[in-house]
1. Quick one: is VAL282 among the aliphatic types (A, V, I, L, M) and closer than 14 Å to PHE336 by Cα?
2. Taking the conditions exactly as written (over 23 Å from SER179 (Cβ atoms) and out of contact with any Leu (no Cβ under 8 Å at 6 or more places or on another chain)), does LEU273 satisfy them or not?
3. If you check ILE189 against the conditions, is it at pLDDT 95 or above, crowded, with 16+ Cβ neighbours inside 10 Å and under 18 Å from the mean Cα position of the chain (by Cα)?
4. With GLU80, GLU97, GLU110, GLU89 as the choices, which residue is open to solvent by 50 Å² or more (accessible area, probe 1.4 Å), of a type outside the set (Val, Ile, Thr) and within 15 Å of SER58 (Cβ to Cβ)?
5. Looking only at residues that are more than 26 Å from CYS2 (Cβ to Cβ) and open to solvent by less than 50 Å² (accessible area, probe 1.4 Å) in the stretch 238-273, which one is farthest from the chain's Cα centre (by Cα)?
6. I need a count of the residues in the stretch 83-116 that are more than 14 Å from PHE182 (Cβ to Cβ) and of a type outside the set (Asp, Glu).
7. Considering only the stretch 167-202, how many residues are under 16 Å from PHE146 (Cα atoms), touching a Gly at 6+ places or on another chain (Cβ under 9 Å) and assigned to a loop (DSSP other than H, G, I, E, B)?
Amino acid sequence: MCFLATLIFIISIYYFHEEEELLNKEQSASQIQNPIVNKKQQMQQNASEGLSLLIGKSSKEVMKQFGEPSRKDPSPYGYEWWIYSDQAEQYMQVGVENGQVVSVYGLGKELNIAPFAIGQPIDQLFQSVNLETTIDIDWKGNSYRFELSEEDLGMRPLVKLGNGYAQVYIDKFTGEVSSVRFLNVETLIKQRPYELVYRGELPEEEVLSAEKWKLIQDGDDQQIFDITNIIRKRFDLDPVEWDEATAIVAYKHSMDMFKGNYFSHESPQYGDLGNRLKKDHVKFELAGENIAAQYVDGVAAFEGWLNSKGHREALLNKEFTHLGVGVYQKYYTQNFIKKP
């Protein structure tokens with residue numbers, strides 16, 4: 001189950017918004033059959049150029065084409081994110097595992113994400129690719145069926161693309177493609193981002209040490225910060241600056257929610273956002289908080305925030321000057337502030 005919530009704090013007035021997204025991962029022994037896709041539709045879902053062709057390529061080929069990444073962030077799924085963040089219009093993340101590309105996330109407007117395009121109207125998208133409510137996969141003797149809701153189709157449809165898949169993130173407020181995540185079959189099954197029924201076995205989840213989680217969390221923090229400013233720039237807003245003290249407050253709240261097994265802006269022990277900021281001596285005129293839980297990673301959490309009115313208002317609030325992000329395992333907190 002995935003959760004989102006946001007809060008804006010001005011003096012003592014609160015605006016609260018919350019929504020839930022259900023990802024049911026029950027096992028089913030029902031018969032699973034492959035969907036029939038005609039030749040024309042299949043051709044429409046093959047790319048002859050663009051980032052999707054990186055899937056299955058070697059990391060050496062990535063280096064040859066794009067050079068050294070800005071940094072490398074681990075993920076909880078066995079691959080390492082190579083982050084290309086030097087230019088906002090070319091921002092992308094390349095997932096590399098055992099020297100091979102298994103996933104690519106493209107956000108920059110100048111990227112070639114064929115057969116899609118950043119800013120592509122959704123009516124063009126729906127005309128150009130075949131969208132299914134069920135995606136059937138046979139892999140290593142196991143059968144998997146991802147079942148997409150109407151909300152999934154409207155905000156993050158899953159498209160079969162050659163030998164892999166594409167998650168197309170749609171900004172429902174503009175009606176345009178916001179970003180795209182390409183994945184190979186194994187990575188898609190590991191992440192299980194949609195309701196899933198299956199027959200056979202699921203890939204075992206790696207048990208991660210506290211040290212490994214810390215590195216993953218630090219990477220998610222920076223990715224969410226980077227993506228926030230890219231989206232703000234897309235809407236002609238000034239970037240927010242990183243604020244370490246605010247990030248510590250955000251991290252403490254994510255950790256508190258995880259350890260306390262709750263999901264709320266109100267901590268049973270430390271109180272609301274205003275109290276938590278004041279307790280850590282963070283001065284502010286205006287503050288806002290977005291929280292999320294149980295998303296596959298920071299990218300997915302951010303796309304969820306972008307498509308929810310209350311969260312979006314925090315992300316795109318022109319008054320905010322600084323941001324601190326704090327991730328603890330799969331709990332995500334953004335704390336925005338306007339400094340005095």
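The values are calculated or read from the model by the stated rules, or taken from the named source; none is laboratory data. Quick caveat, the model's predicted, so the values are computed rather than measured. Cβ sites come from the backbone with ideal geometry, for glycine too, and all protein chains shown count toward neighbours. Side chains included, ligands, DNA and RNA excluded: accessible areas come from the protein's heavy atoms. Shrake-Rupley method; radii C 1.70, N 1.55, O 1.52, S 1.80 Å.
1. Numbers: among the aliphatic types (A, V, I, L, M): yes; closer than 14 Å to PHE336 by Cα: yes.
When the stated conditions are applied, VAL282 passes them.
2. Against the criterion (over 23 Å from SER179 (Cβ atoms) and out of contact with any Leu (no Cβ under 8 Å at 6 or more places or on another chain)), LEU273 does not qualify.
3. Values: at pLDDT 95 or above: yes; crowded, with 16+ Cβ neighbours inside 10 Å: yes; under 18 Å from the mean Cα position of the chain (by Cα): yes.
So ILE189 fits the description; yes.
4. Values: GLU97 fails: open to solvent by 50 Å² or more (accessible area, probe 1.4 Å); GLU110 fails: within 15 Å of SER58 (Cβ to Cβ); GLU89 fails: within 15 Å of SER58 (Cβ to Cβ).
After ruling out the rest, the residue left standing is GLU80.
5. Selected residue: ALA245.
6. The qualifying residues number 11.
7. Result for the stretch 167-202: 3.
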